[in-house]
Amino acid sequence: MNRLANGEPKGNLSRRIIEIKGIVQGVGFRPFIFQIAKRYGLHGWVLNTSGGVLIEVEGEEESLHAFLDDLTMQLPPLARIETISVIEAEAAGYQDFKIRQSQAQLGEYISISPDVGTCAGCQRELMDITDHRYGYPFINCTNCGPRFSIITDIPYDRQYTSMQHFQMCDTCAQEYEDPDDRRFHAQPNACAQCGPLLNFIGGTPLQVINGDVIKLTVHALQEGKIVAVKGLGGFHLACDAADETAVTKLRLRKHRYGKAMAVMMKDLEQLARYCELSAAEEKLLMSPRRPIVILQQRKGAKLAPSVTQGLPTLGVMLPYTPLHFLLLANYQQPLVMTSGNISEEPLVSSNVEALEKLGGIADCFLMHNRDVINKIDDSLTRVIASREAVIRRARGYAPEPMLLPEQLPEILGCGPEQKNTFCLTRDNHAFVSQHIGDLDNLPTLEYYERMIAFYKQIFRINPRIVAYDLHPAYLSTQYAKSIGNVQLLGVQHHHAHIVSCMLENGITDQVIGIACDGTGFGTDGNLWGGEFLLADYRSFTRLGHFKYVRMPGGEKAIKEPYRMAYGYLYSLFGKGANAFPKYIESIEADELLLMEQQMYKHLYAPLTSSCARLFDAVSAIINIARIARYEGEAAIRLESIIDERVIDYYDFDLQEYILNPAPILQGVYDDLENDIAPSTIAAKFHNTLTNAITKVCREISNLTGVKKVCLSGGVFQNAYLLKGLVKHLTKEGFRVFWQQKVPANDGGISLGQVMIAHYNVSK
Ligand SMILES: [Zn+2]
Ligand SMILES: [Zn+2]
Ligand SMILES: [Zn+2]
C-alpha cells in the first residue's frame, strides 16, 4: 500500500491536475475554486499563471466528480472557460486547500477581463449608511470594477495595476486575504482609509476646492457649468442634459457641432421617461458591459434640443462606476456625458492632460488619483433585429478575444484609417483592440502605436505576418510598411469586411458578400463601397457592384453631399442633369461650373461605387443633409425620417450584377417635384435598396449555388435597411449573417485582415 509522508494510508484518494484557460483572472475565479474545494472537503491548491489558472485537487473520487461538475456549472458571472484539461494523478498528500502565489511563465498569456460596471452588491453597499464603504466612489469587488483600464502587465495582480501605489488598510487587507470574502483578491480593493480619493478643481483661477466633492460637482452642474469627470477609461465632459445653454456652450467649446451626444440616466425608471425601451435594450443597458445604447426617444421628451440635434434617437448609458452612481443619485437629472477629448483626438485620461487639454472646455474638474493606464472609450451599440450590434467596441468589450475557428500563427492586422482598431492573433484567439479612432492626427497615431506595443506585450505576441489595407495613404498602411523583418500582405478593404462578418458568425465556406460601405480602396485603384462579392477566407471574386460615378472634389464630396448628388446626376445623366432643375438651381453658379469642369475633365473626380455615397446624394437632393458635419450624417438623417408604413419603392436597373441607380434618382427627384413627403421618399429609397440587393443575391445564387449571405460595411449600421434585408433574404431561402460582436463599420476591418493574411501567407 502506498503511504503518505505522514504515514497515513492514502485509501482511495486520487488527484486531478486541472488547467483552465479563458477569462479566469480578476473575476473571482480562485475564491470560487477555493469554496467548492472546501464544500467537498478536498485538498490541494489553485493559482494564477500567465496562461490561466492551475489547480491541483485531491480527495475521494465522488467528491472530485462533484467538484468538477460545480466548477463548470456554477461559474462566477464574469468568468468564461475556453479550455479545460484534466489529468488524473496519484494523491500527493495535501493537508488543506490553499490559494498559492501567482506564477509567471515565459511566453504564456491569458485573456484579460474588460472593465466591469459596478455590481448590485457594491451598489447596495455604496448607498448603505451603515456600510464601511458608504459613499466611497471606488468601491468594487471580484465581480466588478476596473480591469483592463488599470493593468500594466499580467498576471492580473495588484502589483501590475495602477492600484500598486495604494497600501491596503487592515480591513481591506483582511477582506483581500479571506477566501470567503467577496473581495478576496479583488485587486483594486480599497476604502476611504486607504484607497484613491476624489478632488474638485474649480474657480478662477483654477484651484483645488475643499469640501464635499460630489456636492461641489452637483452645484456646478446646477449652475450650468461644464464639468470634466474622470471615469474608468478617461474623462467625460458633463453638463445638465436639459440645459440648452449649457449643452450649446459645450458644443461650441468642443467644436462639436453635428454629432449627437450621449446621456447618462440615473436608472431605468428615469430612462423610461425619455426613451422607448425593448426587453433586449434593457438587458443591454443593465449588462456588466454597460455600453451606450442607441434608443428611440419618446415624443415630447424634455432634453435640450442640442443634445441630439433633431435626431429622434438618443445614445443612453446607465451609471457604471460608483462615482457615476453617487453623482446621479445626488443630481437626479440626466447628464450629457460626452468623451473628454478635443476634436478627433483620443480620450484624455490623466489629470495633468485634462487640465492642459480640457481647460478650454470645462469650467471645473472632478478628478481622482487612481491612474488610467489604458485609455478606453465608452462602447456604443444598438439593437437591430432583436440582437445587439456593436458600433464602437471599447470599454466593457475589449480586450476580450474573438474565438477563431482554427489555430492561427501570430499575425497583426493593422486596420483601416477611420474608426481604426487593430487585431493580433495567437492560437485560436483574435484580440481586436478597443476603438482607436481616426488615424489622421498625431495623438491618435501615437495612441495606436502605443496600444499595439501594449497588446503585444500583455498577450505575448510577436507577429511575423502583418496585414494592411490596400489604400496607400492610410497611416495604418504606412505603419505596416515601416515594420521590418515581417511578411506583409495587402488586403482589399471589402474582402476584409466580409471575412470579418464570416468569422464572427463561424462561417468557414464560401459566401455571397454584400459590402455596403463608405469608401475603400479597390484592386482597380477606384474607391469601392457597394460590392457584390463571392468570398472565402483566401480570396474573393467581384461579381458586381454599384455603378461607378465620379466624386467631384474627391474627399470633399464626402463632407459635402450636395457635391455627391451632382456627381451622380452628371455621371448618370450627363447633360441630362439639367433636367433636375430643383436641385441644380440650389447650387451656386461658380460652384456648379467648377464641379462641371472636374467631372468633364476627370480632375479631382475619382470613380466610386460606394453605397454610402448614394445615401449622401439622395439626402442632398431632398435637402435633408447638404453638408455632413460628421461621418455618415446624411445617411443617419435619411434613415431617421423614414415613414415605416410606406412599402412602395423605386425602379432600379440591374444588369450583369451592376446596379445602376439612375432610375432610383429619377424616382426620388420626381417625388420631390410632386411634393411627396421626404419621409416617404426616404422609405421608398431604403425599400428599393432592399429589393435590389435581394435580387443581386438571387442572381449570384443562381450562378453559384451559394445560399449564405454576409452583410457588412458601415451602411449596415442602418437598422431599417438591415432588418429589411434580413427579412427579404430569409424569405427567399438564404441564410443571412451580419455583424454583431465587431462593428459592421471599419472597426471590424482588422479582424478580417488577419484571417485573410493567414490563408494567403501562412497556410
Ligand atoms: Zn462589486
Ligand atoms: Zn481600506
Ligand atoms: Zn469600410
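Within the stretch 406-420, the set of residues being more than 14 Å from residue 449 (Cβ to Cβ) and either aromatic (Phe, Trp, Tyr) or not in a strand (DSSP E or B) (or both) comprises 409, 410, 416, 417, 418, 419. Note on the stretch 287-312: among residues that are touching a Leu at 6+ places or on another chain (Cβ under 7 Å) and surrounded by fewer than 19 Cβ atoms within 10 Å (Cβ to Cβ), the one that is nearest to residue 77 (Cα to Cα) is 288. For residue 159, are the conditions met, namely being away from ligand 3 (no atom under 16 Å from the Cβ), of a type in the set (S, T, N, Q), closer than 28 Å to residue 427 by Cα and out of contact with any strand residue (DSSP E or B) (no Cβ under 7 Å at 6 or more places or on another chain)? For residue 159, the condition - away from ligand 3 (no atom under 16 Å from the Cβ), of a type in the set (S, T, N, Q), closer than 28 Å to residue 427 by Cα and out of contact with any strand residue (DSSP E or B) (no Cβ under 7 Å at 6 or more places or on another chain) - is met. For the stretch 424-450, the set of residues classified as in contact with a Leu (Cβ under 8 Å, 6 or more places away or on another chain) and either outside the structural domain of residue 499 (by TED's automatic domain parsing) or more than 13 Å from residue 743 (Cα to Cα) (or both) consists of 424, 425, 426, 427, 428, 429, 430, 431, 439, 440, 445, 448, listed by residue number. Scanning the stretch 41-66 for residues that are without any contact (Cβ under 8 Å) to a residue 40 or more places away in the chain and surrounded by 20 or more Cβ atoms within 10 Å (Cβ to Cβ) yields a total of 2. If you go through the stretch 431-457 and keep only what is assigned to a loop (DSSP other than H, G, I, E, B) and at pLDDT 95 or above, you end up with 433, 434, 435, 436, 438, 439.
Annotation: of all residues in the stretch 697-733 being among the hydroxyl-bearing types (Ser, Thr, Tyr) and closer than 22 Å to residue 655 by Cβ, the one that is surrounded by the most Cβ atoms within 10 Å (Cβ to Cβ) is 701.
Identification of helices (runs of 4 or more DSSP H) wholly contained in the stretch 157-263 with 2 or more residues that are modelled with pLDDT under 95 yields 170-177.
Looking only at the stretch 549-602, which residues are surrounded by 15 or more Cβ atoms within 10 Å (Cβ to Cβ), among the basic types (Lys, Arg) and under 21 Å from residue 664 (Cβ atoms)? Passing the criteria: 550, 563. If you go through the stretch 265-279 and keep only what is over 19 Å from residue 311 (Cβ atoms) and either in a loop (DSSP other than H, G, I, E, B) or under 18 Å from the mean Cα position of the chain (by Cα) (or both), you end up with 266, 267.
Taken over the stretch 220-241, the criterion of being surrounded by fewer than 18 Cβ atoms within 10 Å (Cβ to Cβ) and touching a Lys or Arg at 6+ places or on another chain (Cβ under 9 Å) is satisfied by 224 alone. Of all the residues in the stretch 169-192, those that are in contact with a helix residue (DSSP H, G or I) (Cβ under 9 Å, 6 or more places away or on another chain) and within 12 Å of ligand 2 (Cβ to nearest atom) number 7. In the stretch 68-122, what count of residues is obtained for those that are assigned to a loop (DSSP other than H, G, I, E, B) and on the phi < 0 side of the Ramachandran plot? Selection size over the stretch 68-122: 28. Only residues that are touching a Phe, Trp or Tyr at 6+ places or on another chain (Cβ under 9 Å), at pLDDT below 95 and not hydroxyl-bearing (Ser, Thr, Tyr) were counted in the stretch 626-672, giving 4.
For the stretch 194-219, a residue qualifies if it is away from ligand 2 (no atom under 16 Å from the Cβ), within 30 Å of residue 175 (Cβ to Cβ) and in contact with a helix residue (DSSP H, G or I) (Cβ under 6 Å, 6 or more places away or on another chain), and the qualifying residues are 200, 214.
The values are calculated or read from the model by the stated rules, or taken from the named source; none is laboratory data. What you see is a predicted model, and the numbers here were worked out from it, not measured in a lab. Cβ atoms come from the backbone with ideal geometry, glycine included; neighbour counts cover every protein chain shown.
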